[in-house]
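FYI, it's all coordinate maths here, none of it is from the lab. All of these numbers come straight from a predicted model, not from anything done at the bench. Note: ideal-geometry Cβ built from the backbone for every residue, glycine included; neighbour counts use all protein chains shown.
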Amino acid sequence: MHYALVCSALVASASAHGLITSIEGANNVSMPGLSVADGTPRDCSTNSCGSQADTSIIRDRDIASGKASPLGRTQGNGPVDPTAIIKAFMGGGANSTPTNKDNKGVGEEDDLSGLKGAAQRREEHKRQIGQLFSGLLGGAGGDGGAKGAKGAKGAKGAAGGLGGLLGGASGVLGGGGTKNNFAKETIVADTAGQGAAKGLPTSSDTGKVSMVFRQINQDGAGPLTAAVDGTSGGTDANAFQNAEVTQDVPGLGIQGLSLATNTEFPVKVQMPQGMTCEGKVGGVENVCIVRVRNGAAAGPFGGSAAFTQSPAARRRAIAYRLRKRFEINRPSEDEEIAAADAAEQEEDEDE
């Protein structure tokens, strides 16, 4: 009864989303998520204020009908096109960065000239992300986020009572993240052209991808599911392969609900074994696209990011494919015995 009441309250109050705001490469390169739009408010959590404008709504039926790309669609800019962010990051400059300008009802741009400079904001972002992934700002380290999504047991007090009802306080309360309010998004312009010298963010040598997921309101929570496209650059839904989320966003069951708002969580995804990055987007080669989404009934909501493999990760993937190919082509034990018997019989006949 209590479970139903609290769950119903969350569903009734849910009015916002969650998205990938950045991907943090093992090569220390930080790049915006593929749906991020500068000018989106980050200090409020309602649709009327425009905070949801760059969240991807990723519904299979929308993708199948063409209403959305395989990366979903946003209220601010429609079907998500990975080319826009990738071109801007690789040298398109601030003039080509996606914004929510002129999209009525989903946020408008303010004059950001009085805010910190782009270089200073990049350094601050780097510092905050380092702390988020190390747990210094409350971010769950290791597999803490994944455990939080399943719900922590044994919590005491009021939180413990709620946690007992909902399978753990950590999930419904959205613990393990970092509250982060600021006026407007600027990361796209701040990082424009950075990739020309630094390249795309890379996976780790073991094929793990690290991202920042921003939960805007209740139905933007985890747990998340993930998929990676190694060939089409995010344009072919059939190119996506399921991937393991090794560090997750906490949430209630499979519904994508928690009480967290404007909170950032570290998310990690393991590439499928044997996958290599072969996609081409905006003139950039060897691109992989990672996509995550939750199970919110009003969504699913989520986001996506572009990356490439580290040289070691690529070698590891190719070696895995070669091993699998050898295993497939290798004769079975019965076939080897039959071949040996046939050879022995031929020898006997020759004698």
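Annotation: amide H-H contacts under 5 Å for Q309 (H modelled 1.01 Å from N, sequence separation of 5 or more, or interchain): S203, C277.
Taking amide H as placed 1.01 Å from N in the peptide plane, Q247 has its amide H under 5 Å from the amide H of K268, each at least 5 places away in sequence or on another chain. In sequence order, segment 24-37 has phi-based couplings of 10, x, 5, 8, 6, 9, 10, 9, x, x, 6, 9, 5, 10 Hz under the Karplus curve 6.51 cos²θ - 1.76 cosθ + 1.60, θ = phi - 60°, and Gly or Pro positions carry x.
Applying 1/(1 + (r/R0)^6) with R0 = 41 Å to the Cβ-Cβ distance of D236 and T46, what FRET efficiency is obtained, to the nearest 0.05? Intermediate values should be presented prior to the final figure.
Details: r = 35 Å, r/R0 = 0.85.
Efficiency, from the Cβ-Cβ distance: 0.70.
Nearest 0.05, what FRET efficiency do T206 and S65 give at R0 = 45 Å with Cβ-Cβ as r? Numbers along the way, then the final one.
Working: r = 37 Å, r/R0 = 0.83.
Given R0 = 45 Å and the Cβ-Cβ separation, E is 0.75.
Between N27 and N181, the FRET efficiency estimated from the beta carbon spacing at R0 = 35 angstrom works out to 0.75.
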